[in-house]
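The values are calculated or read from the model by the stated rules, or taken from the named source; none is laboratory data. As the structure is a computational prediction, the values presented were derived from the model and not from experiment. Cβ placement follows ideal geometry from the backbone for every residue including glycine, while neighbour counts extend to all protein chains displayed. Quick note on the areas: whole protein, heavy atoms, side chains included, nothing else; ligands and nucleic acids left out. Shrake-Rupley method; radii C 1.70, N 1.55, O 1.52, S 1.80 Å.
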Amino acid sequence: MQVTDDVCAQMEDELLFCEDCRLYYRDSCPQHGAPTFILDTPVPENVPSRALLSLPEGLVVKERPQGGFGVWCTIPVIPRGCIFGPYEGDVLVDRNECTVYSWAVRENGAYFYIDASDESKSSWMRYVACASTEEEHNLTVFQYRGKIYYRACQLIPLGAELLVWIGEEYARTLGLKLGEHFKYEFGEKELLMKLFQDLHLKTPESLSNHVASHSQYLCNDAVSPLMQSHKPTYLAGSLGHPPPPSGFQLLEGTQNLVSLGRAQSRYWTFFGFQGDAYGRILDKTKIICKLCGVRLSYSGNTTNLRQHLIYKHRREYNELVGTQGAVMDSHKNTDSLARDLAARAVAAAPTVGRTTRAVADFIVRDLMPVEVIEGEGFNQMLAILDPNYKVPAASFLAHTILQEMQLQAKVKVVELVKSLQQCSVSLDVWKHSGSISYLTLTVHYVDEGFDSRNKVLASRPLSNELSVENLKLILTDVAEEWGIRESTSYAVGLNNPAVKLAASKLGWKSLPCVGQVLKGCIEAVLQHPIIQNVLDKCRKLVATIFSLTPQCEELSTQEPVLKVHLKMYLRDGTKWYSIYSLLQSMVDHSKFLTGLSMTLNEKEITLQQEDWSVLQDVVDILKPLAIATSTFTKDHFAGLSLVKPVITSLLYKHLAPNEWDSEFSRNIKKAVHEDLSFRYSDSEVDQVLNLACALDPRFRGLDFLSQPDRVETLHLLKLEASHLVKVHPAESVHSMPESLNAGPPVKKSKQDSGIEFLLGDLCNVRNSSSSSVNHQAEQEISSFQTSEASSLCQDPLQWWKMHHTQYPLLARAARKLLAVPATSVPTSWLFTDTGIAVYKKRCTLTPEHVDMLIFLNGNRSVL
């Protein structure tokens, strides 16, 4: 077993990973070519501050806000797949000499360490900080040919900090074979290195047959031998239980926490007791549980810990449906059990085997066609992972397991949306294949805790033409099925007359998707005949440079970052959301490219001075549009309140003609200005955008509006807040703070007539109530408008979460209008390659499974 691991490790040491193909290769990716290694600036060893001096072009070392130093990007973008390294420093053999600047390197079954503590012997990579969560990382550490490198696993934009993450690749290097579905949540580097040092597991030969015949989830099979134990292991047996099975050892520091007992059933039970090292031990215990397939639950506080661990055999038999694969907790409380029984009563759900559930989750999460499980490669992979498992038929999986998951998820989503008082919807019209198109409808709302939520409701096929009647029938059917017709106020989608009219027939106001608007503006610029001609010349020039060895080598040596951008230009062409950074890089290196093109002696592909002038104008025009797109990508769904300030800034500042603009630039700006103005020319749309801004603490001053528009917006806001109270009077308007309440009630005068005696109180109450609500709304608006402005970087919903009790009427309006998204789909789908990948996956789905799989994929949080 050890020999096999060493051979595999040696093979992996010669392989690289392509972030685009998601496949390993040797030397050069068959589809994307050789990787780009970003070389350090050459600096001799033992030079003071060598680490800082070795920084490549485009990076800078700065002090981090949380302390220490970090590395930031100073160029427009670092492309995905770029490789930095190797990591340099002193070579150590004794792991006890390692520091936080150390990385382990595997060689012939043993380990040595590269330590970058000494700045005169190390490189700039010592300053790269570790990501604290998997979501924020942009670099991955890996070993290649006996050295440590960092690979950019995503685009790193200008101003972003480089943050490295320890993933599956490097975990395998350390000998942690946790399987491809394990989520590597080690977090800080120190925790994984501590696990590497403290985990002393050795697979005894005596258990080899036992492992083969029982479960693949046993601890001694989940983790390969790491090191010989350098300290004695103490087995807990103080409670009179027999020792654990041979080969099952505990992490150092947990031996006195857990006592192992063998139960007379299919699971082992661990009982814990009080311990002073709770905080230190719990992280290690959680890791043990993940490695061994143990379910951990505990109650009590840090001074009185009661742990109950259930380790259950994870053996699955050939039956698709069985209780063997389900991890059951015998200590469920009554409420949880009741919910489980109720769910089974509603849907009659069988318990699904562990592997079958994992296959279903794989299909849902990766949005794969159900038929993938019938492929030869998929079956071969599962046969290796679990020889005893029999893959079910695709039709059976779709009509039982996946359909059951959909029913269960629908029950939960219905509970969430049925009681909504206010919500909005986004409409995503997309092409499937041939003449088939679909409309996917997503509901958006802000919950009572002022958190933004969205749920995918349905995907319905459309006719060949987007007719008003067809769209109306679909929208009506979906809205009534989910009970959101009356609570929906706005629909964000295509700027299409049929969509607008269909939405209006349901009483919804149609709003344009800002992503589609910006896309249209940028594409209009790129489609100008003069610009297209220059871009064609650029493409021919770049293709010629890469086809000639001398010029390609000169490019690699002198401008490696430019080479990466030019390769992206050849691969991606003129993608509207990435073209700006590529053209900016070319303009910045215009002298180098001109000199390089002069060596080609081909005038038809050489860029002349007027060509560079056109490119400079294009870059200047695209820059504010590109920054606008990046602004909207900060959130999964950007809020509507951001639209008006951004559009106003583009129209009246960045796209306004200047005296130093060329005639060509003025014409292009004028065309973009007219197009942008036309798309937001609807006065009702403008009013909605203004209302959203008035409720956003960042823009509540409405400084970008004229005085008449500002007065009108505040008046509409008062009407909106008062209307919501009348329509949904459940919450008392008297919950406002005393500081905003009107003065003490005026004493009623004595009634002088019979009509006043009979009806006076009734009429006064009604008028007083209406006046009170309007007066309260005016007071809240006045206070809100004059309060201290918020930072532009502050999340408006976070602000309202803290201040909603101060402005109860406005808070209602904020939940309604700040829930409206600015785009019809997640912003990353519009402004990055993510959308292309998502729609490609959707197109591979069988039409009968489209609605089910997109619903499950979009609502994974409730599964």
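So how much accessible area does Glu712 have, in Å² to the nearest 10, using a 1.4 Å probe?
80
Could you tell me the calculated FRET efficiency between Glu134 and Phe546, based on Cβ-Cβ distance and R0 = 56 angstrom, to the nearest 0.05?
0.95
log₁₀ I(q)/I(0) of the stretch 519-635 at q = 0.23 Å⁻¹, via Debye over equal Cα point scatterers, no solvent, to two decimals?
These q points yield log10 I(q)/I(0) values of -1.41.
Given 0.36 nm per residue, what is the gain on full extension from Leu416 to Leu39 after removing their alpha carbon distance, in nm?
130.5 nm
Between Ser706 and Ser772, take the C-beta separation as r, use R0 = 41 Å, and let me know the FRET efficiency to the nearest 0.05.
0.85
State, in angstrom, two size descriptors of the stretch 617-737 derived from its alpha carbons: Rg to one decimal place and Dmax to the nearest whole number.
Reported Rg and Dmax, both Å: 18.2, 61.
Multiply the residue gap between Ser120 and Tyr24 by 0.36 nm, knock off their C-alpha separation, and tell me the result in nm, one decimal place.
Fully extending the segment from Ser120 to Tyr24 adds 31.1 nm.
Can you send over the carbon and sulfur percentage of the accessible area for the stretch 363-428, probe radius 1.4 Å, protein chains only?
Exposed carbon and sulfur together represent 57 percent of the surface.
Can you work out the accessible area per residue across the stretch 805-862, with the rest of the protein chains kept in place, probe 1.4 Å, in square angstrom?
Using a 1.4 Å probe on heavy atoms only, each residue of the stretch 805-862 averages 32 Å².
What whole-number value in Å² describes the accessible area per residue of the stretch 347-422 for a 1.4 Å probe?
50
Report the label-to-label distance for Gln558 and Glu486 in nanometres (one decimal), using points 7 Å from each Cα along the Cα→Cβ vector.
7.3
Leaving out ligands, DNA and RNA, what percent of the accessible area of the stretch 22-141 is carbon and sulfur, probe 1.4 Å?
52
Pop out the ³J(HN,Hα) list for the stretch 436-445 in order, Karplus 6.51 cos²θ - 1.76 cosθ + 1.60 with θ = phi - 60°, rounded to Hz; leave Gly and Pro as x.
These are the phi-based 3J(HN,Hα) values: 8, 10, 10, 10, 9, 10, 10, 9, 10, 7 Hz.
Which whole-number value in Å² is the accessible area per residue of the stretch 519-635, probe 1.4 Å?
Roughly 46 Å² per residue, with all protein chains present.
Find, among the chymotrypsin sites (Phe, Trp or Tyr not before Pro) in the stretch 593-640, those assigned to loop by DSSP (not H, G, I, E, B) with at most 13 other beta-carbon atoms within 10 angstrom.
Qualifying residues, ordered by number: none.
With a point put 7 Å past each Cα toward its Cβ, work out how far Gln798 is from Asp361 in nm, to one decimal.
For Gln798 paired with Asp361, the spin-label model returns 3.0 nm.
Report D for the stretch 1-117 in µm² per second (integer): Stokes-Einstein, Kirkwood Rh on Cα pairs, 25 °C, 0.890 mPa s.
Translational diffusion coefficient: 143 µm²/s.
Please state the equivalent ellipsoid semi-axes for the stretch 774-846: what are the square roots of 5 times the Cα gyration tensor eigenvalues, largest first, in whole Å?
39, 14, 9
Kindly report, to the nearest 10 Å², the accessible surface of Thr355 as traced by a 1.4 Å probe over protein heavy atoms only.
Accessible area of Thr355: about 20 Å².
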